[in-house]
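One structure is given here, and the rest of the page talks about it.
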Amino acid sequence: MSSGATVTVAAVKHWLVHQALLATPIPRLAARFVDKLLALGLPIWRAHVGISTVHPQVEAIGLTWTRQGKRQVEEFEHGSFARMANSSPFYEAVTAAQALSRAAREDSEESIIPMTRFRLERGEGWPSSPLLGEFHAAGGTDYVCFVIIFGVDGRLGPHSSGAAVSFTTDRPGGFTDDEIATMADLLPTFGAALRVGADLSKTRTLLETYLGRDVGRRVLSGDVRRGSVEAMSAAIVVGDLRGFTMLADEVPRDRLVSMLDDYLDCLVGPVEASDGHVLKFLGDGLLATFAFDTREPQAVCADALAAATAALQRIETLNEQRRRDGQPIMTLDLALHAGEVLYGNVGSDRRLDFTIVGPAVNEAARLEALCATLDVPLVASRRFVDVLGAPEKFRSLGPRVLRGVRAPVEVFTTV
């Protein structure tokens, strides 16, 4: 749409369809949509979009726009919606929409985007809602909220996700009936564009959460053909929590899972902070790589060692706190190795794993098992020490026989 073109509802719908096809990120889509509404002549003073998400820490994302230039993105932790009961007009609007979705028929032609309205200058809403009270005190005269429920498989359900979109004006008399009708006419198309962006964001988050950043990106880009692997040189990290199996029989299940999460946090954080990739969790341990593809192997191995050292320090800090609290503790065993691996899709025709395989991976796993035998928290292979090029950081523990490896391997630990 050129700057001199007349803005019409049809033109805005056309633009929204294109944004859906482009899967435009939600913050950009929402801000530009409000700008379009202003161009249509709607007297919007404040707009807000709240949209549910699928994320380990985030329940919803909120985007706020004001005529004065505010453009704010907020993340709300899990449980935030329940805590806003009786304090936010969003809560009332969403709960009403959820009741509608439970009663809606699949073939119904009624609107599935209900609207809640509070005429602030008439005293509606703000005496009981702190947020609406703030709007009224700042000059707000009218508030409307539309709730967009995202169905699944052609149906609405009680647990459907969705978005809530509110508009506030400070014009005396509030919104006109025609302006409300324009909003209602545009909201379904806006909701469709929102959903495409939201679904892509959710998919990306899920893939990164369960597969890791690099693997998630590769799978999302279509790298899913079975047997498609590439040779890659990398530093390999294998970690395992010593003592977990014994504690599993003694600690209640809810506390056991929480404890495992705390300990794995101590390892995952340093690995990802040093540009490593956690490929998979192995029960109470994990497998991670630091690829040599873009930087010198020596620098990459330095990052792997730094991540391992930081993880062990975090574990010790966690254990000190748990000892003070009289809680059981675990220790972390780590193995560092370097070599060539095959990286890609391995599995059956219907169930694949994007992982690394090869002798170097097996050797790393065998090295980790030596930690308990040698009573050290970290072991490194001769190969890793040589690539790192800093022998002064290690002391030799002598040659060791690794199961499945022909020749004895000299292993090291840090000084």
Inset, instruction - Check segment 198-206 and report whether any residue there is of a type in the set (D, E, K, R), in the same structural domain as residue 264 (by TED's automatic domain parsing) and either part of a helix (DSSP H, G or I) or surrounded by fewer than 17 Cβ atoms within 10 Å (Cβ to Cβ) (or both). - result: no
Inset, instruction - State all residues of segment 158-186 that are within 14 Å of residue 113 (Cα to Cα) and within 27 Å of the chain's Cα centre (by Cα); if no residue qualifies, say none. - result: 160, 161, 162, 163, 164, 165, 166
Legend entry - Yes/no for residue 223 being touching a residue at least 60 places away in the same chain (Cβ under 8 Å), under 30 Å from residue 294 (Cα atoms), in contact with an Asp or Glu (Cβ under 9 Å, 6 or more places away or on another chain) and among the acidic types (Asp, Glu): no
Inset, instruction - Scan segment 189-198 and give yes if some residue there is in contact with a helix residue (DSSP H, G or I) (Cβ under 6 Å, 6 or more places away or on another chain), without any contact (Cβ under 8 Å) to a residue 40 or more places away in the chain, of a type in the set (Gly, Ala, Ser) and on the phi < 0 side of the Ramachandran plot, otherwise no. - result: no
Inset, instruction - Provide a single number: the residues in segment 287-332 that are touching a residue at least 12 places away in the same chain (Cβ under 8 Å) and either among the hydrophobic types (A, V, I, L, M, F, W, C) or farther than 22 Å from residue 255 by Cβ (or both). - result: 27
Inset, instruction - Filter segment 36-91 down to residues that are crowded, with 16+ Cβ neighbours inside 10 Å and of a type in the set (D, E, K, R) and give me whichever is nearest to residue 186 (Cα to Cα). - result: 36
Inset, instruction - Might you check whether a residue that is among the acidic types (Asp, Glu) and at pLDDT below 85 occurs anywhere in segment 270-278? - result: no
Inset, instruction - Tell me which residues, restricted to segment 342-368, are crowded, with 16+ Cβ neighbours inside 10 Å and of a type in the set (A, V, I, L, M, F, W, C). - result: 346, 352, 354, 356, 360, 361, 364, 365, 367
Legend entry - Number of the exception - residue 27 against (1) in a loop (DSSP other than H, G, I, E, B); (2) modelled with pLDDT under 95: (1)
Legend entry - Filter result for residue 51 (in a strand (DSSP E or B), touching a residue at least 60 places away in the same chain (Cβ under 8 Å) and either closer than 15 Å to residue 94 by Cβ or touching a helix residue (DSSP H, G or I) at 6+ places or on another chain (Cβ under 6 Å) (or both)): yes
Legend entry - Filter result for residue 201 (of a type in the set (Ser, Thr, Tyr), at pLDDT below 95 and out of contact with any helix residue (DSSP H, G or I) (no Cβ under 9 Å at 6 or more places or on another chain)): no
Inset, instruction - Please verify whether segment 139-157 includes one or more residues that are surrounded by fewer than 17 Cβ atoms within 10 Å (Cβ to Cβ), in contact with a helix residue (DSSP H, G or I) (Cβ under 7 Å, 6 or more places away or on another chain) and modelled with pLDDT under 90. - result: yes
Legend entry - residue 224 hydrophobic (A, V, I, L, M, F, W, C), under 24 Å from the mean Cα position of the chain (by Cα), in a loop (DSSP other than H, G, I, E, B) and surrounded by fewer than 17 Cβ atoms within 10 Å (Cβ to Cβ): yes
Inset, instruction - Just need a number here: residues in segment 249-286 that are among the aliphatic types (A, V, I, L, M) and either in a strand (DSSP E or B) or free of Cβ contacts under 8 Å to residues at least 12 places away in the same chain (or both). - result: 5
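The values are calculated or read from the model by the stated rules, or taken from the named source; none is laboratory data. Here the structure is a predicted model, which is why all the values come from computation and not from measurement. In this analysis, Cβ positions are derived from the backbone assuming ideal geometry, glycine residues included, and neighbour counts consider all displayed protein chains.
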